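Visitor: Encoded as structure tokens, here's the structure I'll be asking about.
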Amino acid sequence: MEIAVRPRLRTRHAHRGAVLTLAAAVALAGCAGTGTSEAIVDAASFSAGGVVVSVRVESRGDGLRVLADLRPQQAGFHLYSLDLPDGGVDGIGIPTRIRAEAALRSAGPATTDAKRRVLRPAGLDVQLPVYEDGRVVLELPVRRVEGTDRARVFLTYGACSERAGCLPPVRDRAVTLSLGPAS
């Protein structure tokens, strides 16, 4: 299967990421025949809520996956966990969520290997599941849907610091990715 590599520049900060994405795709192309090759289908970047986000779709031997790399722009900020309930805990916190529509559909739950911890805000009787401060990479297994070559990935997240408070949450931020023709 041949997959076109088309990085999409969404912000002036995305150029470096697009170059790295293209370099990774070229390097991975050399792995063909090993059974472990991956090809990047498309990528996009944006910044919102104090977090720089890169979203990409990768094809590998066992199918497609959406990877979302979320990096708080300030040191000391963490993201809420995928485990946080939809309404938060006693209305506190915004859960991290990722979903795909249009040309892609979820083929399983989102996961991350980010280290989880419990946050106990001073003066409140709640325990909030969050990730350790810094970068979080989400992985969503997906399947291709016939009829269109454009996928929409939606992200929801909130970045907070124990010392500096929380930044404005991001809810259902859409990213459009072009997948090329189905094979």
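The values are calculated or read from the model by the stated rules, or taken from the named source; none is laboratory data. Every value quoted in this text rests on a predicted model; they were computed, and no experiment measured them. Note that each Cβ is placed from the backbone with ideal geometry, even for glycine, and that neighbours are counted across all protein chains shown.
Visitor: Determine which single condition Arg120 fails, assuming it passes every other condition in (1) of a type in the set (Lys, Arg); (2) at pLDDT 95 or above; (3) touching a Leu at 6+ places or on another chain (Cβ under 8 Å).
Guide: In the conditions (1) of a type in the set (Lys, Arg); (2) at pLDDT 95 or above; (3) touching a Leu at 6+ places or on another chain (Cβ under 8 Å), Arg120 misses (2) alone.
Visitor: Restricting to the range 136-183, give me the number of residues that are at positive phi and among the charged types (D, E, K, R).
Guide: Summing the residues that are at positive phi and among the charged types (D, E, K, R) in the range 136-183 gives 1.
Visitor: Identify, from the list Ala107, Ala75, the residue that is exposed (fewer than 13 other Cβ atoms within 10 Å of the Cβ) and in contact (Cβ under 8 Å) with a residue 40 or more places away in the chain. If you could, list the steps in order and put the result at the bottom.
Guide: On the way: Ala107 fails: exposed (fewer than 13 other Cβ atoms within 10 Å of the Cβ).
Step by step, each of Ala107, Ala75 is checked, and only Ala75 is exposed (fewer than 13 other Cβ atoms within 10 Å of the Cβ) and in contact (Cβ under 8 Å) with a residue 40 or more places away in the chain.
Visitor: Only one residue in Gly63, Gly49 is buried (at least 20 other Cβ atoms within 10 Å of the Cβ) and modelled with pLDDT of 80 or more. Which one? Reasoning before the result, please.
Guide: Values: Gly63 fails: buried (at least 20 other Cβ atoms within 10 Å of the Cβ).
On inspection, the qualifying residue turns out to be Gly49.
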